[in-house]
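One structure is given below, represented as structure tokens, and several questions about it will come after.
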Amino acid sequence: MMKFILSLLLLLGASWWFGLFDYFSDLSRLQNDIKILGILGPILYVLIFFVAYLVGLHPGLVWVSGNIWPVPLAILYSNLAGLISGFIVFWLARRFGQEWIHSKLPSRIKRYEKKLENNPAKTLVILRMLMWINVFADLFFGVSKISNRQYVKFSVLVITPLTIIHILVAKYGYMLISGS
């Protein structure tokens, strides 16, 4: 855990040192650079989103996206980035961690998981509403017995409206604050 915290601090320090915070706070410069990239702009956004998602820094990208692209495109790109990132982590946890985790679980947790398996909608929706797009939630769902279909269905059902809300609040909140 200490290595993770030190790595995160090193990453943040390097980002500050190389001026990434200044770059991402200059919206007009960012918009111009993304326009120059063309179709690679959204693809790069999804890749950067995935890396940020792994360390929990992706909400800032969602909030900025509404000020970079028109709102419908920001919603599309952010929603796709969140769902793709979550599904990759879900799949990796399902593929490589499920058997190992189940061999380590105490019986009381296995009883809870059985309830989760029988009625996943409630738990999935509540966790998604509380945690939105979150690597720990996707890891949890990946090692659980929730079916792939249920995971995708309920994730899309909850993540999409929450992403829309985040983008609209950030976009119009920024406009109110900046006076534009």
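Could you tell me which numbered condition residue 56 fails, if it satisfies all but one of (1) part of a helix (DSSP H, G or I); (2) open to solvent by 30 Å² or more (accessible area, probe 1.4 Å)?
Here residue 56 clears every test but (1).
Same structure again: Any idea which of 64, 89 is part of a helix (DSSP H, G or I), within 23 Å of residue 154 (Cα to Cα) and either open to solvent by less than 30 Å² (accessible area, probe 1.4 Å) or touching a residue at least 24 places away in the same chain (Cβ under 8 Å) (or both)?
Answer to the selection: 89.
Quick grid of which residues meet (1) closer than 23 Å to residue 109 by Cα; (2) touching a Cys at 6+ places or on another chain (Cβ under 8 Å); (3) open to solvent by 70 Å² or more (accessible area, probe 1.4 Å):
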position	(1), (2), (3)
129	yes, no, yes
136	yes, no, yes
151	yes, no, no
166	no, no, no
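For residue 116, all conditions in the list (1) farther than 24 Å from residue 63 by Cβ; (2) open to solvent by 40 Å² or more (accessible area, probe 1.4 Å); (3) not aromatic (Phe, Trp, Tyr) hold save one; what is the number of the exception?
Failed condition: (2).
State which residue is nearest to the chain's Cα centre (by Cα) when the search covers only region 89-121 and only residues that are basic (Lys, Arg) and at pLDDT 85 or above.
Among those residues, the one meeting the criterion is 94.
Given the conditions (1) assigned to a loop (DSSP other than H, G, I, E, B); (2) exposed (fewer than 13 other Cβ atoms within 10 Å of the Cβ), report the number of the one that residue 99 does not fulfil.
Evaluating residue 99 over (1) assigned to a loop (DSSP other than H, G, I, E, B); (2) exposed (fewer than 13 other Cβ atoms within 10 Å of the Cβ) leaves (1) as the failure.
Here is a further query. Take residue 76 and decide whether it is at pLDDT below 85, under 19 Å from the mean Cα position of the chain (by Cα) and in a helix (DSSP H, G or I).
The answer is no for residue 76.
Determine, yes or no, whether residue 145 is over 22 Å from residue 55 (Cβ atoms) and at pLDDT below 80.
no
The values are calculated or read from the model by the stated rules, or taken from the named source; none is laboratory data. What you are looking at is a predicted structure, and each value in this text was computed from that prediction instead of being measured. Glycine gets a Cβ as well: all are built from the backbone with ideal geometry, and neighbour counts include every protein chain shown. Note: areas computed on protein heavy atoms with side chains; ligands, DNA, RNA excluded. Shrake-Rupley method; radii C 1.70, N 1.55, O 1.52, S 1.80 Å.
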